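Q: Following this message is one structure expressed as structure tokens.
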Amino acid sequence: MGILEKIKQIEEEMARTQKNKATEYHLGLLKAKLARYRAQLLEPTAKSGGQGSGFDVQKSGDARVALIGFPSVGKSTLLSKTTHTASEAAAYEFTTLTAIPGVIEYKGARIQLLDLPGILEGASQGRGRGRQVVATAKTADLILVMLDATKSDEQRRLLELELDAVGIRLNKSKPDVVFKRKTTGGITINATVKLTKTDEKTIRTILAGYKLHNCDIMIREDITTDEFIDVLIGTRKYLPCLYVYNKIDGISLEQIDKIARQPSTVVISCELDLNLDYLIDRIWDELSLVKVYTKKRGAQPDLSDPICLRKGATIEDVCNGVHRSLAPNFRYALIWGKSSKFSPHAQKVSLAHAVHDEDVVSIFTK
Ligand SMILES: Nc1nc2c(ncn2[C@@H]2O[C@H](COP(=O)(O)OP(=O)(O)OP(=O)(O)O)[C@@H](O)[C@H]2O)c(=O)[nH]1
Ligand SMILES: [K+]
Ligand SMILES: [Mg+2]
């Protein structure tokens, strides 16, 4: 019998079994068995392709947010509650077996929310679909680390260890180190700050370990040895993250209060619809999206269809957001709003001008 059939049998037996004190233990066993089989479904096979590549989901919208967490913390429930996409949710582990995208529409932005299979301890060593989940997570602009508020906070540490092991650095900025390889000339190390957590000797030992004998290194931050290794390896992914504690309907107000006070943390209950609007608001803030309205000459700005851009975007990005023919034929733009130095009046600007949230832009072409 194949795994899928075994799973079906167990599901049928669970549906047949009445829930009461006498069957509690048996149901528990069935649930554990079901989780085991579903975990097997997630084991990488030759067919499922390279373990290092993510799920094949087209990026869409203005930003991508990925849901990462252990099984059954409520990832799929959240997707179904906040988007028009339904993702199956159930009381057994590994309900979700692939990446499921949904769209959150908020303040004129379309944010892609990706539901992913639960990850296991040991995911970084290749257990389950861990690597595939993580490879997909690396393509996101923001990670939601989802946790079960009714469980011990040890889960958060374990999850962070897994993500750390695969090179995801959450809420950390890239170490301020410039590293240049050369073909000759030996090693030069310069630091503009005093190094208190590592030293030149350690750094030289590491470089030798990586067989790097010619390079220039400029250190502009008091880094640790691990952070230096991150710079050398170069493939680390530095991602912003929100810790989302779900199921707060199951804990006391005191406990909720304690969790909610932690940095970058949002407490929610998908079941009771608690704080979901606030979560979306926080997601919007974390993504630092900038909304810009376009205006034709002599007309009112088009408030119904803003262009959403990442923080730091320029007039060139606005042009590309309208049509790709605009930037090559650009003459100048007029801009109203916070980024105009003559506000409330317009300023004439070039392609490199950085836009601000809620600016209004008119583009003039050749
Ligand atoms: N009490 C409570 N239960 C919840 C809440 N949100 C989800 N659940 C329940 O938790 C169980 C798991 O939910 P899922 O959405 O399937 O969890 P998941 O993280 O997608 O699980 P996998 O796909 O198996 O990794 C379901 O029985 C949900 O009804 C909540 O806020 N409170
Ligand atoms: K589940
Ligand atoms: Mg799920």
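The values are calculated or read from the model by the stated rules, or taken from the named source; none is laboratory data. No experiment lies behind these values; they were computed from the predicted model shown. Heads up, the Cβs are rebuilt from the backbone with ideal geometry, glycines too, and the neighbour counts pull from every protein chain shown. For the accessible areas, the whole protein counts, side chains as well, though only heavy atoms, and no ligand, DNA or RNA atoms are used. Shrake-Rupley method; radii C 1.70, N 1.55, O 1.52, S 1.80 Å.
Q: Considering each residue of the stretch 70-97, count those that are more than 6 Å from ligand 1 (Cβ to nearest atom) and either of a type in the set (Asp, Glu) or not in a helix (DSSP H, G or I) (or both), and give that number. Before you say what the answer is, go through the steps one by one.
A: Within the stretch 70-97, the subset more than 6 Å from ligand 1 (Cβ to nearest atom) is 70, 78-88, 92, 97.
Restricting the remaining residues to those that are either of a type in the set (Asp, Glu) or not in a helix (DSSP H, G or I) (or both) gives 70, 83-88, 92, 97.
Residues in the stretch 70-97 being more than 6 Å from ligand 1 (Cβ to nearest atom) and either of a type in the set (Asp, Glu) or not in a helix (DSSP H, G or I) (or both): 9 in total.
Q: Here is a further query. Do you know which residues across the stretch 330-341 are under 20 Å from residue 300 (Cβ atoms) and not basic (Lys, Arg)?
A: Those that are under 20 Å from residue 300 (Cβ atoms) and not basic (Lys, Arg): 333, 334, 335, 336, 337, 339, 340.
Q: Here's another thing I want to ask about it. With respect to residue 263, is the statement that it is outside the structural domain of residue 340 (by the TED database) and over 22 Å from residue 138 (Cβ atoms) true?
A: Criteria met by residue 263.
Q: Looking at the stretch 145-154 only, could you name the residues that are in a helix (DSSP H, G or I) and under 15 Å from residue 93 (Cα atoms)?
A: Selection gives nothing.
Q: For residues in the stretch 108-141 being at pLDDT below 85 and of a type in the set (D, E, K, R), which is farthest from ligand 1 (Cβ to nearest atom)?
A: Applying the filter and picking the extreme gives 131.
Q: Residues being within 24 Å of residue 64 (Cβ to Cβ) and either modelled with pLDDT of 95 or more or not charged (D, E, K, R) (or both): count how many of those fall in the stretch 305-315.
A: 7
Q: I'd like the residue in the stretch 276-300 that is farther than 17 Å from residue 62 by Cα and of a type in the set (A, V, I, L, M) and, out of all such residues, is surrounded by the fewest Cβ atoms within 10 Å (Cβ to Cβ).
A: Selected residue: 299.
Q: Are any residues in the stretch 84-97 farther than 14 Å from residue 71 by Cβ and either of a type outside the set (Gly, Ala, Ser) or within 9 Å of ligand 3 (Cβ to nearest atom) (or both), and if so, which ones?
A: Applying the first criterion (farther than 14 Å from residue 71 by Cβ) to the stretch 84-97 yields 84-86.
Matches in the stretch 84-97: 84, 85.
Q: If you take the residues of the stretch 190-203 that are open to solvent by less than 90 Å² (accessible area, probe 1.4 Å) and part of a helix (DSSP H, G or I), which of them is farthest from residue 229 (Cα to Cα)?
A: 200
Residues are listed down the side, and each one gets a yes or a no for (1) of a type outside the set (A, V, I, L, M, F, W, C); (2) open to solvent by less than 10 Å² (accessible area, probe 1.4 Å); (3) more than 17 Å from the chain's Cα centre (by Cα):
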position	(1), (2), (3)
90	no, no, yes
102	yes, yes, no
137	no, yes, no
144	no, yes, no
153	yes, no, yes
159	no, yes, no
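Q: Kindly provide the set of residues from the stretch 173-186 that are assigned to a loop (DSSP other than H, G, I, E, B) and surrounded by 15 or more Cβ atoms within 10 Å (Cβ to Cβ), ordered by number.
A: Residues satisfying the conditions are 175, 176.
Q: Next up: Those residues that are closer than 30 Å to residue 242 by Cα and exposed (fewer than 15 other Cβ atoms within 10 Å of the Cβ), I need them from the stretch 321-344; list them, please.
A: 338, the sole residue that qualifies.
Q: How many residues are assigned to a strand (DSSP E or B), surrounded by 23 or more Cβ atoms within 10 Å (Cβ to Cβ) and not acidic (Asp, Glu) if we restrict to the stretch 104-135?
A: Going through the stretch 104-135 one residue at a time, the tally reaches 3.
Q: Among the numbered criteria (1) in contact with a Phe, Trp or Tyr (Cβ under 7 Å, 6 or more places away or on another chain); (2) β-branched (Val, Ile, Thr); (3) without any contact (Cβ under 8 Å) to a residue 40 or more places away in the chain, which single criterion is violated by residue 217?
A: Among (1) in contact with a Phe, Trp or Tyr (Cβ under 7 Å, 6 or more places away or on another chain); (2) β-branched (Val, Ile, Thr); (3) without any contact (Cβ under 8 Å) to a residue 40 or more places away in the chain, residue 217 violates only (3).
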